[in-house]
Amino acid sequence: MNVWQFLADFFVNVGAWMGELLSGWGLSPFWVSLIVKVVGGLALAIGPLTAVLFLIWYARKVIGRIQDRMGPTNDGTAAGPFALLQAVADAIKMLTKEFVFPKERDRVVFLIAPVLAVAVAVAVWAVIPFGPQGMQFVDLNIGVFYVVALASLAFFAMLMAGWSSHNKYANLGAFRAVSMIVSYEIPQMLALLVPVMLAGSMGMQGLVRAQEVPFIVMVPVPALIYFLAMTAEVGRLPFEQAEADAEIVAGYFVEYSGMLFGAFYLAEFINNLSASFVFTVLFLGGWRGPWVEQAPVLGLVWISLKAFLVFTLLTFFWGAMPRLRIDHILGFSWKFLTPLALVMLVVVALVDKAVQAAGLTSPWGRAGWLFLANAAVALVTVALLYRAERRQQAAREARRFAIVR
Amino acid sequence: MITVQQVVFALFAVLTLGGAIGVVAARKLFHAALWMVLAFFGVAGLYLLLEAPFFAALQLFIYIGGIAVLTVMAIMVTRGIMKPKEPVFTYAIGAAGTALAFLVMLGLFIFKTPVWDVAAPTGEVDPNGLRALGQALVSPSAYLLPFEVASVLLLAVLVGALFIAREKE
């Protein structure tokens, strides 16, 4: 095997090399596979933690530019070119800060909450496929369902933090977060079912393999629904009710200081990034891209680039969106996204069956019909919204000019 | 010789039972809810050990994401929950006795029942088991009716809860 072949499938080859080395030392196959898995898991967990250092810098820079500021600069500091090391300096500062504990806190719960938040955020990465074969920690056949189930543990971390802080703002933040996430989980699950139905698989790898045509082209409306619900799930503006610094200071982690606060901040960024990766797998074709068959390691590049684009979109939202009121947010989920997601589920199922019955088995033919169905539903939705708005406007005018007796 | 499976089973069993004991022993209601989450988590682990990851994820999603979250929210809106007063319940010995008697009866019943002497299934787990389950839930000859009746029941509960909780105008 020459160097290029080794590099082409770098991660799998390193794993195989390590396995051979360990069995050369006389270890039993069980211990070899265990050690290789543990080392791989540690390497995987370091990925999001280091990526976040860059992403914090990136988000601050992007938001700065949106708001006509410079963002972090290296003017007069040792932050390196473009202040790239700013986030590193922040991390070091955070690590050396004193912990300030509220007097009435619930000791154990207060300390477990940030640990749980980060652990859950990193655990999502176990099922993300970074390449065709072997470049995934474990290919669960219920991959997407695993991700959704982990989210339920994530908001438990919020609840625990909010309650144990013994602070009204923290409690309010936790309440807002949970009511919002519980509401948005429904359209998210319904939109998630569409790619699962089209791919015939809940496994992440199966979903990517089914996307000869990326699902965002086939079913743009569920993709949009999923994206909005996902934005709410990770608490990004305009759905930033859990933190809302202007109203409830910082929500559920207001009482945390030092690296305990840092843990929540870290978990938030990791959640943003892993949500971007999951969206990429579901709708953007995951690791698919040119030359992946020849060099599987390229899958990592493609999926990272796509996820980075999604993350950038989330950051644009962060910089450009206002914060919606909580009742508007919940109303939007229950009265608009959920019915639309239900309609989309039925429409996609019917059209896909009809297309298969008509014998259109080529991926692009199927995609074309599904796209047309999506466009039709989108047009009808916009027309309905337009009519509803006109009616409301008429009602408002009537009220305004009504004769008060 | 203890196998790895046995160690993992012991771990999850301890989590489940420890969590269950915590639920009844905790002083604060919020802690009881958290112990309950731990017990649910242990059960999810047991499902994983039985090679049923779908049920493990369901356990996490429904029991922790649904039931436990609702319980905690209900607890959090309860007044004066941060400072538990002296326990108002004074029949501790009687209650323990009743529970013990019930446990002994249940244990006798379980150990006398011969159903448990089933041989362990051999061979691989059926990879299409999940598919079969899904089809059974929607096929009229299997469980379609009970499945739909259950969902109608839940809908009725939802509407009833809304009716009770609605403020009078």
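The values are calculated or read from the model by the stated rules, or taken from the named source; none is laboratory data. What you see is a predicted model; the values in this text were computed from it and never measured. Note: ideal-geometry Cβ built from the backbone for every residue, glycine included; neighbour counts use all protein chains shown. Accessible surface is based on the protein model in full, side chains and every heavy atom, while ligands, DNA and RNA are left aside. Shrake-Rupley method; radii C 1.70, N 1.55, O 1.52, S 1.80 Å.
List the residues whose amide H sits under 5 Å from the amide H of A:SER257, counting only those 5 or more places along or on another chain, with H placed 1.01 Å from N in the peptide plane.
Sorted by chain and number, the residues that satisfy this are A:VAL100.
Quick one: pull the percent of accessible area on the protein assembly as shown belonging to carbon and sulfur, 1.4 Å probe, ligands and nucleic acids left out.
Of all accessible area on the protein assembly as shown, carbon and sulfur atoms account for 72 percent.
So with the 1.4 Å probe, I'd like the accessible area per residue for the stretch B:1-81, rounded to whole Å².
Value returned for the stretch B:1-81: 58 Å² of accessible area per residue.
Using the Karplus curve 6.51 cos²θ - 1.76 cosθ + 1.60 with θ = phi - 60°, work out ³J(HN,Hα) for each residue of the stretch A:298-315 in order, rounded to whole Hz, and write x for Gly and Pro.
5, x, 4, 5, 5, 5, 5, 4, 4, 5, 5, 4, 4, 4, 4, 4, 4, 5
Rank these residues by their accessible area, most exposed first, probe 1.4 Å: A:HIS328, A:HIS166.
My answer, sorted largest first, is A:HIS328, A:HIS166.
Quick one: order B:ILE67, A:ILE326 from most to least accessible surface, probe 1.4 Å.
Sorted descending by solvent-accessible area, the residues read B:ILE67, A:ILE326.
Which residues among the stretch A:130-145 fall inside the zone where the amide N is under 20 Å from a point 7 Å beyond the Cα of A:MET18, along Cα→Cβ?
A:130-140
What's the lysine pair count for the protein assembly as shown at a Cα cut-off below 20 Å, pairs eight or more apart or interchain?
Close lysine pairs found across the protein assembly as shown: 10.
Could you sort B:LEU29, A:LEU21 by their accessible area in this structure, using a 1.4 Å probe and putting the largest first?
Accessible-area ranking of B:LEU29, A:LEU21, largest first: B:LEU29, A:LEU21.
Given a Förster radius of 56 Å and the C-beta distance between A:VAL343 and B:PHE102 as r, what FRET efficiency does 1/(1 + (r/R0)^6) yield to the nearest 0.05?
My answer for the efficiency is 0.65.
Hey, rough spin-label estimate for A:ARG391 and A:GLU104, points 7 angstrom out along Cα→Cβ, what's it come to in nanometres?
Simple spin-label model gives 4.8 nm for this pair.
What residue among A:ALA149, A:ALA394, A:ALA59 shows peak mean-square fluctuation when chain A is described by a Gaussian network model with Cα springs under 10 Å?
The residue with the greatest mean-square fluctuation here is A:ALA394.
Just need the relative contact order of the stretch A:114-232 here, percent rounded to a whole number, with Cα pairs under 8 Å and 6+ apart.
With pairs under 8 Å counted, the relative contact order is 26 percent.
What does the C-alpha gyration tensor say about the overall shape of the stretch A:97-391? Classify as rounded when a/c is under 1.5, otherwise prolate if a/b is larger than b/c, or oblate.
Oblate shape, in that a/c is at least 1.5 and b/c is the bigger or equal ratio.
Taking Cα pairs under 8 Å and at least six residues apart, what relative contact order does the stretch A:1-105 come out at, in percent?
Relative contact order for the stretch A:1-105 comes out at 14 percent.
With a 1.4 Å probe on protein heavy atoms only, work out how much accessible surface B and A bury together, total over both chains, in Å² to the nearest 100.
2300
To the nearest 10 square angstrom, what accessible area does B:TYR47 show with a 1.4 Å probe?
Surface open to solvent at B:TYR47 totals about 80 Å².
What accessible area, in Å² to the nearest ten, does a 1.4 Å probe give for A:LEU309?
It works out to around 120 Å².
On the full set of protein chains, 1.4 Å probe, figure out the accessible area of A:ILE66 and give it in Å² to the nearest 10.
Here the accessible area works out near 70 Å².
List for the stretch A:99-116: residues with 20 Å² or greater reduction in accessible area, all protein chains versus chain alone, probe 1.4 Å?
Going by heavy-atom accessible area, the residues of the stretch A:99-116 that drop by at least 20 Å² are A:GLU104, A:ASP106, A:VAL109.
Classify the protein assembly as shown: rounded, prolate or oblate, from the alpha-carbon gyration tensor (a ≥ b ≥ c, eigenvalue square roots; a/c under 1.5 rounded; otherwise prolate if a/b is larger than b/c)?
Cα axes put the protein assembly as shown in the rounded bin.
Which of A:VAL348, A:VAL38, A:VAL194 ends up with the largest GNM mean-square fluctuation for chain A, with Cα atoms connected below 10 Å?
A:VAL38
Would you mind getting me the FRET efficiency between B:LEU158 and B:GLN135? Use the beta-carbon distance for r and R0 = 25 Å, nearest 0.05.
FRET efficiency, B:LEU158 to B:GLN135: 0.35.
Spelling out what I want: for every residue of the stretch A:264-278, take phi, set θ = phi - 60°, compute 6.51 cos²θ - 1.76 cosθ + 1.60 (Karplus), and round to whole Hz; glycine and proline get x.
These are the phi-based 3J(HN,Hα) values: 5, 4, 4, 4, 5, 5, 4, 4, 4, 5, 6, 4, 4, 5, 5 Hz.
Please check the stretch A:143-183 for residues whose accessible area, probe 1.4 Å, is lower by 40 Å² or more when all protein chains are in place than in their chain alone.
A:PHE145, A:ALA149, A:SER152, A:LEU153, A:PHE156, A:LEU159, A:TRP163, A:HIS166, A:PHE175
Express the accessible area of chain A per residue in Å², computed with a 1.4 Å probe while the remaining protein chains stay in the model.
Here the per-residue accessible area is 49 Å².
Would you mind calculating the relative contact order of chain A from Cα pairs under 8 angstrom and at least 6 residues apart, reporting the percent as a whole number?
RCO, chain A: 20 percent.
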